1. Does segment 50-66 hold any residues that are of a type in the set (Lys, Arg), more than 12 Å from the chain's Cα centre (by Cα) and surrounded by 10 or more Cβ atoms within 10 Å (Cβ to Cβ), and which are they?
2. Could you give me the residue pairs with C-beta distances under 6 Å whose first residue belongs to segment 27-41 and is in contact (Cβ under 8 Å) with a residue 24 or more places away in the chain, whose second residue is charged (D, E, K, R) and part of a helix (DSSP H, G or I) wherever it lies, and which are 6+ apart or on separate chains?
3. Could you run through segment 2-30 and say how many residues are among the small types (Gly, Ala, Ser) and either part of a helix (DSSP H, G or I) or under 16 Å from ASP45 (Cα atoms) (or both)?
4. Could you list, in sequence order, all residues of segment 32-49 that are surrounded by 10 or more Cβ atoms within 10 Å (Cβ to Cβ) and out of contact with any helix residue (DSSP H, G or I) (no Cβ under 8 Å at 6 or more places or on another chain)?
5. Going through ARG48, ARG71, ARG33, ARG40 one at a time, which residue ends up being in a helix (DSSP H, G or I), in contact with a Cys (Cβ under 6 Å, 6 or more places away or on another chain) and not aromatic (Phe, Trp, Tyr)?
Amino acid sequence: MTDLSCDQFVASLGDYVEGLLSNEARRAFVAHRDACAACRQTANDYERLPARLRRETDVRLPESAAARIRRGVDGAGGDS
């Protein structure tokens, strides 16, 4: 795997981020990324995705609901 097409680059993106590519495949991936602005942007977007998902899904439970849950858990004394 020496020269990658953009489709091959995108298909390899997950393996690259997870460190699963062989040395040769990683070199080809990096060479393509460095030479192709569109794929470089795709890689940057992909690498930032986990942090963005954490921010976007950081939902806080209202304190009133949390208190009801705590009361329910505390009251469930295992009387089965």
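No value in this document is a laboratory result; all are computed from the given coordinates. What you see is a predicted model; the values in this text were computed from it and never measured. Please note: Cβ atoms are built from the backbone with ideal geometry, for glycine as well, and neighbour counts cover all protein chains shown.
1. Passing the criteria: none in range.
2. Note: pairs meeting the criteria are ARG33/ARG40; CYS39/ARG33.
3. Residues in segment 2-30 being among the small types (Gly, Ala, Ser) and either part of a helix (DSSP H, G or I) or under 16 Å from ASP45 (Cα atoms) (or both): 5 in total.
4. ALA35, GLN41, ASN44, ASP45, ARG48, LEU49, listed by residue number.
5. ARG33 is the lone residue from the list that is in a helix (DSSP H, G or I), in contact with a Cys (Cβ under 6 Å, 6 or more places away or on another chain) and not aromatic (Phe, Trp, Tyr).
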